[in-house]
Ligand SMILES: Nc1ncnc2c1ncn2[C@@H]1O[C@H](COP(=O)(O)OP(=O)(O)OP(=O)(O)O)[C@@H](O)[C@H]1O
Ligand SMILES: [Mg+2]
């Protein structure tokens, strides 16, 4: 599914240069469920941003579905992000004035999915994450765990081949966090490919494979 060859990322220049990733090699196969762990500052988000085509590496090659991402222009990268990758973030990133339903529906509206299909699929996705009953509530009427479920449903809207989640449980209490991880586990069983970042080492019992980053290097690739 994806392959990183000697990926490095350097932020800044000269005196303030930070080497966030140091010649990382990593392969993720279709339908793997990966937990990406490591201390704060070890490069997890940097790695995720590169995998999600939100940022480019300083050197090395990144293959997404066997295509070298370097060969893509701005629009093609945006297309990959919108159609092939689902993102879930720590702070949910929901539109505050839109209902759960509208938040999930939006990516499909952008993609020009026909109304009937779009409405049906939105309900299916909310149902999938156990939130059908909350469809017409706005984020401020939902709990943190429910907001994250909406974000997960939204990330699935365009049926992405890869789901990337950066600390999806970081703002949640232990129980809600655990429920969110079990939602990811269910999605994995349904055939999705998932990478979940967390810096809570206790949380890593669910993923099938745990990759550990330390100081910009892969300490353990779990394969
Ligand atoms: N835009 C940036 N400019 C300069 N340095 C950066 C930038 N983004 C990240 N860094 C540095 O790169 C290193 C890796 O950061 P990154 O955000 O990838 O870590 P992380 O593992 O996600 O940490 P956390 O668990 O705290 O989220 C850190 O030293 C950080 O300070
Ligand atoms: Mg981070």
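Throughout, read-outs are computed from the coordinates displayed, never taken from laboratory work. Everything numeric in this text was worked out from a predicted model, so none of it was measured. Positions of Cβ are backbone-derived with ideal geometry, glycine not excepted, and every protein chain shown enters the neighbour counts.
If eta is 1.002 mPa s and T is 20 °C, what Stokes-Einstein diffusion coefficient results for segment 1-94, Kirkwood Rh from Cα pairs, in µm²/s?
In µm²/s, the coefficient is 150.
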> Against the longest alpha carbon principal axis of the chain, how many degrees, from 0 to 90 and to the nearest 10, is the axis of helix 100-110 turned?
Replying inline: 60
> Gain in length, residue 182 to residue 133, computed as 0.36 nm per residue apart minus the alpha-carbon separation, to one decimal in nm?
Replying inline: 15.7 nm
>> What distance in nm separates the two pseudo spin-label positions at residue 81 and residue 215, each 7 Å out from Cα along the beta-carbon direction?
In response: 3.2
> Once the piece of chain linking residue 199 and residue 175 is laid out straight, how much longer is it, given 0.36 nm per residue of separation minus the C-alpha distance between them?
Replying inline: 7.0 nm
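Give, to the nearest whole percent, the P(r) tail of the chain beyond 20 angstrom, counting all Cα pairs.
Values: 14527 of 24753 pairs.
Cα-Cα pairs of the chain separated by over 20 Å account for 59 percent.
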> What length, rounded to one decimal in nm, is gained on full extension from residue 65 through to residue 93, with 0.36 nm per residue of separation minus their alpha-carbon distance?
Replying inline: 7.4 nm
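Grab the alpha carbons of segment 145-223, take their convex hull, and tell me the volume per residue in Å³.
Per residue, the Cα convex hull of segment 145-223 comes to 102 Å³.
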> Which order results if 126, 187 are arranged by neighbouring Cβ count within 10 Å, fewest first?
Replying inline: 187, 126
> At q = 0.18, 0.19, 0.23 Å⁻¹, what is the log10 ratio I(q)/I(0) for segment 85-129, with the Debye formula run over Cα points and no solvent?
Replying inline: -0.56, -0.62, -0.89
> Relative to the longest principal Cα axis of the chain, at what angle does helix 174-189 sit, 0 to 90 degrees, rounded to 10?
Replying inline: 90
> Taking Rh as the Kirkwood radius computed over C-alpha pairs, what is the Stokes-Einstein D of segment 55-183 at 20 °C in a medium of viscosity 1.002 mPa s, expressed in µm² per second?
Replying inline: 138
>> Please list log₁₀ I(q)/I(0) at q = 0.17 Å⁻¹ for segment 49-96, using the Debye equation with identical point scatterers on the alpha-carbon positions.
In response: -0.54
> For segment 51-82 and segment 157-223, what is the separation of their C-alpha centers, rounded to whole Å?
Replying inline: 22
> Roughly how tilted is helix 115-128, in degrees to the nearest 10 and between 0 and 90, from the longest Cα axis of the chain?
Replying inline: 70
>> Using a 7 Å offset from the Cα along the Cα-to-Cβ direction at both residue 27 and residue 73, what is the distance between the two label points in nm, to one decimal?
In response: 3.3
> How big is segment 92-158 by Rg and Dmax over its Cα atoms, in Å?
Replying inline: 10.5, 31
> Would you list 42, 58 from fewest to most Cβ contacts within 10 Å?
Replying inline: 58, 42
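Packing-wise, with mean Cβ within 10 Å as the measure, how do 90-99, 108-117 rank, highest first? Intermediate values should be presented prior to the final figure.
Values: 90-99: 15.2, 108-117: 11.9.
Those peptides, ordered most packed to least, come out 90-99, 108-117.
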>> Suppose we keep just the alpha-carbon trace of segment 40-128; what are its Rg and Dmax in angstrom?
In response: 15.8, 45
